[in-house]
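The values are calculated or read from the model by the stated rules, or taken from the named source; none is laboratory data. Given the structure is predicted, the values throughout are model-derived calculations rather than measurements. Heads up, the Cβs are rebuilt from the backbone with ideal geometry, glycines too, and the neighbour counts pull from every protein chain shown. Remember, those area values only see protein heavy atoms, side chains included, never the ligands or the DNA or RNA. Shrake-Rupley method; radii C 1.70, N 1.55, O 1.52, S 1.80 Å.
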Amino acid sequence: MTKMMQAAVVTAFGKPLDIQQVPIPTPGPGEILIKTEACGVCHTDLHAANGDWPVKPTPPFIPGHEGIGIVVALGAGVTIVKMGDRVGVPWLYSACGHCEHCLSAWETVCAEAEFGGYTKNGGFAEYIVANPNYVAHIPAGLSPQEAAPLICAGITTYKGLKETEARPGDWVAISGAGGLGHLAIQYAKAMGFKVCAVDIDEGKLAHATRLGADLVVNARDPGAIEAVRSGTGGGAHGVLITAPSIDAFQQGVAMTRKHGTCALVGLPKGEFPVPLFDVVANCVTIRGSFVGTRQDMAEALAFAADGKVRADIELQPLSAINDIFERLEHGKVAARVVIDFTGGAAKAQTSTTQAKQPQPA
Ligand code: NAD
Ligand code: ZN
Ligand code: ZN
């Protein structure tokens with residue numbers, strides 16, 4: 001009899017995810033099977049389920065690209081990972097390994113790359129099939145739940161900060177202090193930058209201050225650009241835009257210091273106008289940045305293993321996925337929700353429910 005697993009499936013764009021029983025996949029030659037312990041919920045999963053981008057996944061598919069778990073089966077010929085290893089299945093699910101981009105450590109832009117939870121089924125399921133050459137190796141000492149956000153939100157912001165080419169002591173402005181941004185602030189501090197956090201939500205800004213931001217600015221303040229420019233002595237040397245909002249992009253370019261770099265990471269649907277004269281005359285670089293390589297992954301995880309970066313997580317069961325999406329869409333997630341497959345979220349919910357019940361006198 002076919003063994004089944006629970007999964008959250010996108011059956012059509014813009015529709016709630018369907019919690020279904022689907023067959024546990026079998027790893028083919030060169031593949032591995034992972035029993036999922038935890039999977040973070042990224043804003044990208046929302047874009048995927050809504051079909052927001054020009055290159056679309058094909059429903060039905062299982063989203064989730066922050067899945068962490070234990071290797072429970074090896075396909076023929078696999079030697080690079082062992083049974084029992086704890087690994088993560090990231091957005092960069094695989095690449096060709098032979099093109100000019102793969103050969104120059106830019107595998108993230110390989111034309112044959114596959115994407116976890118997008119072109120390949122992802123971590124909103126009890127089991128995931130993965131390519132052992134591209135999985136993240138989770139350092140001992142990190143729990144699967146706290147490791148989950150690092151394999152997308154962590155690597156993406158760490159790489160994006162490197163791409164700003166800011167140097168220790170420089171100012172970086174981080175626009176969007178949510179799932180990506182709360183980790184970006186911590187990486188930036190650990191990398192020796194002065195940090196200005198920008199968000200539209202006062203709660204997120206207060207959190208940014210607790211995480212070490214030196215300056216916080218509300219993007220909705222009409223003087224926001226000037227506040228960043230004056231607070232950083234002429235604009236941030238590096239700007240990292242993680243906000244899923246077109247407004248943030250225009251603002252971020254204007255927050256960039258002369259000869260600085262504005263790294264674009266957020267992926268809202270649409271386009272934004274670039275003020276050509278200012279960008280040209282001030283020698284500003286505007287640069288896209290897309291997740292990171294396997295080497296970036298190892299470095300990003302090492303910061304966490306060394307205790308310099310820690311994801312703030314809220315555990316939820318898979319059955320809560322549509323409610324999580326709803327909250328994410330409206331900016332109501334404090335930092336990162338992680339789907340817990342080990343039963344911890346269900347236990348946490350039960351104990352909250354019990355605590356709320358009237359106690360006998
Ligand atoms: P999130 O919802 O957890 O966080 C977004 C944050 O942006 C929230 O704190 C929100 O309050 C804030 N925000 C909204 N509008 C703003 C504005 N105008 N100015 C400043 N802040 C604003 O989302 P997330 O998981 O951090 O993902 C953010 C974006 O990054 C998404 O578009 C996602 O697809 C994209 N992303 C890109 C990559 C990449 O490789 N380039 C990787 C992961 C995610
Ligand atoms: Zn992501
Ligand atoms: Zn390639």
(message) Need one word for the stretch 136-205: rounded, prolate or oblate. Basis is the Cα gyration tensor (sqrt eigenvalues a ≥ b ≥ c); a/c below 1.5 gives rounded, then a/b vs b/c decides.
(response) oblate
(request) For ALA305 and THR2, compute 0.36 nm times the residue count separating them, minus their Cα-Cα distance, and round to one decimal in nm. (result) 105.2 nm
(message) Computing the accessible area with a 1.4 Å probe over protein heavy atoms, can you report the carbon and sulfur percentage for the stretch 42-111?
(response) 61
(message) What number comes out for accessible area per residue over the stretch 1-79 if the probe is 1.4 Å? Units Å², please.
(response) 44
(message) In the stretch 221-290, if the dipole is taken from +1 on Lys/Arg beta carbons and -1 on Asp/Glu beta carbons about the Cα centre, which of THR242, PRO273, GLY260 is farthest to the positive end?
(response) GLY260
(request) Give me D for the stretch 1-49 in µm² s⁻¹, whole number, from Stokes-Einstein with Rh from the Kirkwood sum over alpha-carbon pairs, 10 °C and 1.306 mPa s. (result) 122
(request) Would you list, by chain and number, the lysines whose Cα falls below 27 Å from the Cα of LYS162, excluding same-chain residues fewer than 8 positions away? (result) LYS189, LYS194, LYS204, LYS258, LYS269, LYS308
(message) More than 37 angstrom separation, counting every C-alpha pair in the chain; what % is that?
(response) 18
(message) So if each residue of separation counts as 0.36 nm, and I subtract the Cα-Cα distance between ARG220 and TRP53, what length gain in nm does that give?
(response) 57.5 nm
(request) Mind grabbing the accessible area of PHE115 for me, 1.4 Å probe, Å², rounded to tens? (result) 40
(request) Could you tell me which of rounded, prolate or oblate describes the stretch 61-136, using a ≥ b ≥ c as the square roots of the eigenvalues of the alpha-carbon gyration tensor, with rounded for a/c under 1.5 and, failing that, prolate when a/b is larger than b/c and oblate otherwise? (result) oblate
(message) Rounded to the nearest 20 debye, what is the charge dipole size of the chain about its Cα centre when +1 sits on each Lys and Arg Cβ and -1 on each Asp and Glu Cβ?
(response) 420
(request) Would you look at the GNM of the chain, springs on alpha carbons closer than 10 Å, and say which of ALA153, ALA311, ALA224 moves the most? (result) ALA224
(message) Spelling out what I want: for every residue of the stretch 167-176, take phi, set θ = phi - 60°, compute 6.51 cos²θ - 1.76 cosθ + 1.60 (Karplus), and round to whole Hz; glycine and proline get x.
(response) 10, x, x, 6, 8, 10, 9, 10, 9, x
(message) Heavy atoms of the protein only, probe of 1.4 Å, neighbouring chains included. What is the accessible area of CYS99 in Å², nearest 10?
(response) 40
(request) Work out from phi, with θ = phi - 60° and the Karplus expression 6.51 cos²θ - 1.76 cosθ + 1.60, the ³J(HN,Hα) of each residue of the stretch 74-82, listed in order in whole Hz, and give x for Gly and Pro. (result) 10, x, 4, x, 7, 10, 6, 10, 10
(message) If I ignore ligands, DNA and RNA and count only protein heavy atoms, how much of ASP170 is accessible to a 1.4 Å probe, in Å² to the nearest 10?
(response) 30
(message) On a 1.4 Å probe surface of the protein chains, which of HIS137, HIS182 comes out largest in accessible area, and what is the full order?
(response) HIS137, HIS182
(message) Using only the alpha carbons of the stretch 201-341, what is the convex hull's orientation-averaged projected area in square nanometres?
(response) 10.4
(request) List the trypsin sites (Lys or Arg not before Pro) within the stretch 165-223 that fall in a DSSP loop (any state other than H, G, I, E or B) and whose Cβ has at most 13 other Cβ atoms within 10 Å. (result) ARG220
(request) Give the cross-link partners of LYS3 among the aspartates and glutamates, using a straight C-alpha distance below 20 Å as the criterion and excluding same-chain residues fewer than 8 apart. (result) ASP18, GLU31, GLU37, GLU126
(request) Per residue of the stretch 19-36, in order, report the coupling 6.51 cos²θ - 1.76 cosθ + 1.60 (Karplus, θ = phi - 60°) as ³J(HN,Hα) in whole Hz, putting x for Gly and Pro. (result) 7, 10, 8, 10, x, 5, x, 9, x, x, x, x, 10, 10, 10, 10, 8, 5
